[in-house]
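The block underneath contains the structure these notes are about, expressed in structure tokens.
No lab work stands behind these numbers, since they all come straight from the coordinates. Since the model is a prediction, treat every value here as computed from it, not as a measurement. Note that we place each Cβ from the backbone using ideal geometry, even for glycine, and neighbour counts take in every protein chain shown.
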Amino acid sequence: MDRRIYLASPHMSDEGYELEYIKEAFDTNWIAPLGANVDSFEKEFAEKIGAKHAAALVTGTAAIHMALKAAGVEEGDIVLCQDLTFAATANAIIYQNAIPVFVDSDYETWNMNPKALEEAFEKYPNAKAVLVVHLYGLSADMDRIVDICKRYQAVLIEDAAEALGTYYKGRHVGTIGDYGVFSFNGNKVITTSGGGMLVSDNEERIAKVRFWASQSREKARYYEHRELGYNYRMSNILAGIGRGQLKVLDKRLAKKKYIFEFYKRELDHLEGVKFMPINEWNEPNYWLTCIRLNDCYSGHSKGSGILPVDIIEALEKENIESRPLWKPMHLQPFFAGYDYIGENVSGNLFEKGLCLPSDTKMTDEDLSRVCRAIKRLWYS
Ligand SMILES: *Cc1c(COP(=O)(O)O)cnc(C)c1O
């Protein structure tokens, strides 16, 4: 069996930057809590993306939770949330005992449809916050979304967990709304094994998040607590990995784009295959190369349309990992009781969409292996 090809796996620097920072933490016995790596990682990360302030947290999910809390979202508040996303986005709304209302995507961005958002506000004019997602590193249509949020005086939170390195009209995503969230989970563009970052221009709110994330411990000689606290701060060891990874971010982004272009060259001509939408105002990070299948019949041995599951199974036989697009929240049993505004574009994307392996460790031969296995479905 050929070596397994992964969707996206951790890729530490060849130079060993991460180990140097970890060693520094060991040498000073600054293993926990917090410490120099955390402070520096926050600073270096904020500088890299052009954010004013950043708080390093245990996960991207924790960062979404803290963003909602910082936005003043409380029990019973409505949060308009992108429907097509990973459950972490919506779960954080439930952590605050708030009520998600799911908003459909459009085919132009795969992200929140501004028209559906407008409709959602007409139905829920008092919605407290909007949670937009930049899926697969594709930017949402931010000018229109920012404009709508301003008109309804709602706080705008960007879930940019998958979008480190993505620019919208020259601005890094996550720095356009009021709060931006990033993830360093194992399969993201860079990783700390697990981790997240919350960014904002609002220094006071970021300081407050650091306070909540440290058990809301007041400055007193004894342990004094006036507010509910969380244990959400990133460890000094993991922040060291993050500092090292940040040094190779540009290299990883270049490889991601190379992978996308390789697939596009090899697969774009296959009947029914459409690549993820890239707009002239969008400079994606190409975290995962995704495609959508129109109804394609030609050349298929079974004489019926090729579905994403056919490709997933064909690739799996060759020891290659791939997966469908996110299953939208309005189709998840857990969220079935919440309102959904839209026309099931998200459901159609889920049904017809596919993420191709986009691991930055892949060689040209690996990429060719994937393409050969896919083309065989069309030409057999
Ligand atoms: C990965 C991801 C998250 C959660 O990040 P974690 O660090 O795994 O908690 C949130 N939203 C989206 C869209 C993600 O892909």
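Data table
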| item | result |
| --- | --- |
| Residue satisfying condition, being closer than 24 Å to residue 113 by Cα and either within 16 Å of the ligand (Cβ to nearest atom) or under 22 Å from the mean Cα position of the chain (by Cα) (or both), within set 329, 362 | 329 |
| Residue that is nearest to residue 323 (Cα to Cα), among those in the range 115-150 that are among the hydroxyl-bearing types (Ser, Thr, Tyr) and in contact with a Pro (Cβ under 9 Å, 6 or more places away or on another chain) | 136 |
| Where residue 40 falls short, out of the listed (1) closer than 21 Å to residue 165 by Cβ; (2) within 16 Å of the ligand (Cβ to nearest atom) | (2) |
| Number of positions in the range 110-144 that are within 16 Å of the ligand (Cβ to nearest atom) and either hydroxyl-bearing (Ser, Thr, Tyr) or surrounded by fewer than 24 Cβ atoms within 10 Å (Cβ to Cβ) (or both) | 2 |
| Lone unmet requirement of (1) within 15 Å of residue 174 (Cβ to Cβ); (2) of a type in the set (Gly, Ala, Ser); (3) within 15 Å of the ligand (Cβ to nearest atom) for residue 70 | (3) |
| Filter result for the condition that a residue is under 19 Å from the mean Cα position of the chain (by Cα) and either at negative phi or surrounded by 18 or more Cβ atoms within 10 Å (Cβ to Cβ) (or both), over 222, 230, 179, 258 | 179 |
| Residue within the range 204-227 that is in contact with a helix residue (DSSP H, G or I) (Cβ under 9 Å, 6 or more places away or on another chain), more than 29 Å from residue 11 (Cα to Cα) and assigned to a strand (DSSP E or B) present | yes |
| Candidate set: the range 55-67, residues that are surrounded by 24 or more Cβ atoms within 10 Å (Cβ to Cβ) and of a type in the set (A, V, I, L, M, F, W, C); chosen: the one farthest from the ligand (Cβ to nearest atom) | 55 |
| Residues being within 21 Å of residue 185 (Cα to Cα) and either within 9 Å of the ligand (Cβ to nearest atom) or more than 14 Å from the chain's Cα centre (by Cα) (or both) - total across the range 73-89 | 6 |
| Of residues in the range 153-206 being aromatic (Phe, Trp, Tyr) and under 15 Å from residue 246 (Cα atoms), the one nearest to the ligand (Cβ to nearest atom) | 184 |
